[in-house]
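The values are calculated or read from the model by the stated rules, or taken from the named source; none is laboratory data. It should be emphasised that the depicted structure is a prediction, and the values quoted were computed from it without experimental measurement. Methodologically, a virtual Cβ is constructed for each residue, glycine included, from the backbone with ideal geometry; neighbour enumeration extends over all protein chains shown. Quick note on the areas: whole protein, heavy atoms, side chains included, nothing else; ligands and nucleic acids left out. Shrake-Rupley method; radii C 1.70, N 1.55, O 1.52, S 1.80 Å.
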Amino acid sequence: MIDRAVIKLPGMKKMLGLLAGLAVLQAIFIIGQAYTIASAITGLWEGGTLQEQTKWILLFICVYAGRHFVTFLRDLLLDDYAYEQASHLRNELLQKIFRMGPQVVQQEGTGNMTTMALDGINQVENYIHLILAKIMNMMIIPWMLLVVIFMLDWQSGAVLLIVFPLIIIFMIILGYAAQSKADKQYAAFQVLSNHFIDSLRGIDTLKLFGLSKGYGKSIFHTSERFRKATMSTLKVAILSTFALDFFTTLSVAVVAVLLGLRLINGVILLFPALTVLILAPEYFLPIRDFSSDYHATLDGKNAMTAVNSVLTHPEKEIAQKEIGAWTNESQLAIENLSFRYEDQLALDQLNVAVSGYKKIGIIGMSGSGKSTLINILSGFLHPEDGTIKLSNNQIDSFAQQSWQKQLIYIPQNPYVFQLSLKENVAFYHPEATLAEIQQAIEVAGLSELVAELPEGIETPLGEGARTLSGGQAQRIALARAFLDHSRKILLLDEPTAHLDIETEVELKERMLPLMNDRLVFFATHRLHWMKEMDYILVMDKGQIVEQGTLEELQANGAAFVRLSQQMRGREDE
Ligand SMILES: Nc1ncnc2c1ncn2[C@@H]1O[C@H](COP(=O)(O)OP(=O)(O)OP(=O)(O)O)[C@@H](O)[C@H]1O
Ligand SMILES: [Mg+2]
């Protein structure tokens, strides 16, 4: 009934113990309630005055208040507990996503991940809150009441006892039906989230090709599917609530009729009959409560399963080694390194050896594996095969904290955060002084942009504020790099791809000093950078087809020369 994942939550045993205690207390109060009110009424029936019943009435008020106080206390406890667990789960989820990197987000879908981390966790919170209390109540309260009912009148007790398993069997059958409907509903919801985010992100492409209307229709159909799945889940939910209410009311009615008949015949006294009659609906209340919320909690259960499937996603255990700071004497040797994206081999048996402060150019046609190599070097992706020797350490992957702390990485499409220009530039160095930031902005060629912006370097950027062009975003990434003087390894993935040739040449002059006294890996399509490189890797279809200095490659007259001819043809256009 309760998910195994819920039982495994930290502090669950203590919580269940507390809830069980509260349920026992609540049962006692419910019995007290029935006992006092029945005593008062019987007293009146027997000809007593209202004053004589004051004691019972006061007692009734006390137990009534006690019962509600227990409910209040339980909600308070569960509120805190569920909130704590939900934020813990959200934290773990985010950490796991960060650890596994962008690939898993791509696999699961951005929309799905977003709704999982936001709505999904809220649903889990609601689920934990509801399910724990309801289950505990259902497991304790009816049985305590039944004992009292049996003591007062065994015949009513027998009727109630027989009905209970019938209701449970009935609920299990409907529960299964509801579960499969809810599974379908959740799957439809995941598709809808991904589809929606996907369309939002691709809206300009869709508009440009005049496909936005068609896509709008397709979103409409996806959401219709979700609506239908929701409605059919609700149908089962409403049907089962109706059936349960019907059965329990009928059972209470049967008990009432039997009691009434025996009262008329004088077989039973008023007090036990009245107490049993008051307790009968209370006997069914926990199970009705449970089933009315059961369907509401199915969403939470599904969300919890989805979150857990991400949390238990196998993670490659990377042994961490202490890698010393990269100096002019350091050495890196990669042998037979291969990498594949699921079914596609993206890097095939690479061999590279570099040492000291060098500028390594990586050149190759689109799709040749440049970004993949840079991502391996940055530790984002883990090689499938091969050996890496880094300053006398043999490592399985570049995902080493002591290596990553030395990196500056400028990706192909840098991300501009929803912060001001100043904060964006100082993102990795919030301690930088204003003068340093301004200098980095100036060197990265962003001064013109700053002059245009309404609030200068304080202007908010990113989504929902001022968006930048691809080239401007790359310059922000460059400015971030200019601000850093301590990191000695620079990974650049086409940092000038979005710039026109003139701007690029101007920026090149400023970027070159940044590359001095550093180990630089520079992936690019643009040939003119190769003149500045100390060593060049020529890539084609995932392989390094040639490597050496520019002079060596030119003298070889092989892959590099062929590639240059092809590229020059394009650059001249
Ligand atoms: N996430 C991914 N999943 C599957 N295949 C991928 C993924 N990313 C890249 N690839 C494939 O791996 C190969 C190498 O891609 P990569 O991005 O490294 O090329 P590149 O040389 O950087 O190209 P470009 O110059 O266009 O940036 C390509 O065939 C590409 O289709
Ligand atoms: Mg690339």
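Determine whether residue 197 is aliphatic (A, V, I, L, M), open to solvent by 30 Å² or more (accessible area, probe 1.4 Å) and within 19 Å of the chain's Cα centre (by Cα). Yes: the conditions hold for residue 197.
Might you let me know whether segment 454-467 holds any residue that is part of a loop (DSSP other than H, G, I, E, B), hydroxyl-bearing (Ser, Thr, Tyr) and surrounded by fewer than 20 Cβ atoms within 10 Å (Cβ to Cβ)?
Yes; the residues of segment 454-467 include at least one that is part of a loop (DSSP other than H, G, I, E, B), hydroxyl-bearing (Ser, Thr, Tyr) and surrounded by fewer than 20 Cβ atoms within 10 Å (Cβ to Cβ).
Scanning segment 400-413 for residues that are within 16 Å of ligand 1 (Cβ to nearest atom) and either open to solvent by less than 20 Å² (accessible area, probe 1.4 Å) or among the aromatic types (Phe, Trp, Tyr) (or both) yields 409, 410.
Look at segment 151-178: where a residue is surrounded by fewer than 17 Cβ atoms within 10 Å (Cβ to Cβ) and a partner is not in a helix (DSSP H, G or I), sitting 6+ places away or on another chain with Cβ atoms under 9 Å, you get 155/268. Residues that are farther than 23 Å from residue 334 by Cα, of a type in the set (Val, Ile, Thr) and at pLDDT 85 or above do occur in segment 462-478, at least one of them.
Yes/no matrix, rows are residues, columns are (1) of a type in the set (Gly, Ala, Ser); (2) away from ligand 2 (no atom under 16 Å from the Cβ); (3) in contact with a Cys (Cβ under 6 Å, 6 or more places away or on another chain); (4) assigned to a helix (DSSP H, G or I):
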{"position": "509", "(1), (2), (3), (4)": "no, yes, no, yes"}
{"position": "513", "(1), (2), (3), (4)": "no, yes, no, yes"}
{"position": "531", "(1), (2), (3), (4)": "no, yes, no, yes"}
{"position": "539", "(1), (2), (3), (4)": "no, no, no, no"}
{"position": "545", "(1), (2), (3), (4)": "no, yes, no, no"}
{"position": "552", "(1), (2), (3), (4)": "no, yes, no, yes"}
{"position": "561", "(1), (2), (3), (4)": "no, yes, no, yes"}
{"position": "565", "(1), (2), (3), (4)": "no, yes, no, yes"}
{"position": "568", "(1), (2), (3), (4)": "no, yes, no, yes"}
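A count restricted to segment 506-546 and to residues that are open to solvent by 10 Å² or more (accessible area, probe 1.4 Å), without any contact (Cβ under 8 Å) to a residue 60 or more places away in the chain and among the hydrophobic types (A, V, I, L, M, F, W, C) stands at 3. Among the conditions (1) open to solvent by less than 10 Å² (accessible area, probe 1.4 Å); (2) within 16 Å of ligand 2 (Cβ to nearest atom); (3) modelled with pLDDT under 90, the only one that residue 361 does not satisfy is (3).
Residue count for segment 474-500 under the criterion of being over 19 Å from residue 325 (Cα atoms) and either free of Cβ contacts under 8 Å to residues at least 40 places away in the same chain or within 16 Å of ligand 2 (Cβ to nearest atom) (or both): the result is 12.
In this structure, residue 378 does satisfy being crowded, with 20+ Cβ neighbours inside 10 Å and within 16 Å of ligand 2 (Cβ to nearest atom).
In the condition set (1) outside any helix (DSSP H, G or I); (2) surrounded by fewer than 19 Cβ atoms within 10 Å (Cβ to Cβ); (3) of a type outside the set (Ser, Thr, Tyr), residue 9 is compliant with all but (2). In the set (1) buried (at least 17 other Cβ atoms within 10 Å of the Cβ); (2) over 22 Å from residue 129 (Cα atoms), residue 46 fails one condition alone, (1). Out of segment 398-415, which residues are more than 25 Å from the chain's Cα centre (by Cα), more than 16 Å from ligand 2 (Cβ to nearest atom) and part of a loop (DSSP other than H, G, I, E, B)? Correct list: 398, 405, 406.
Residue-level check: of (1) within 22 Å of residue 516 (Cα to Cα); (2) open to solvent by less than 10 Å² (accessible area, probe 1.4 Å); (3) among the hydroxyl-bearing types (Ser, Thr, Tyr), residue 397 misses just (1).
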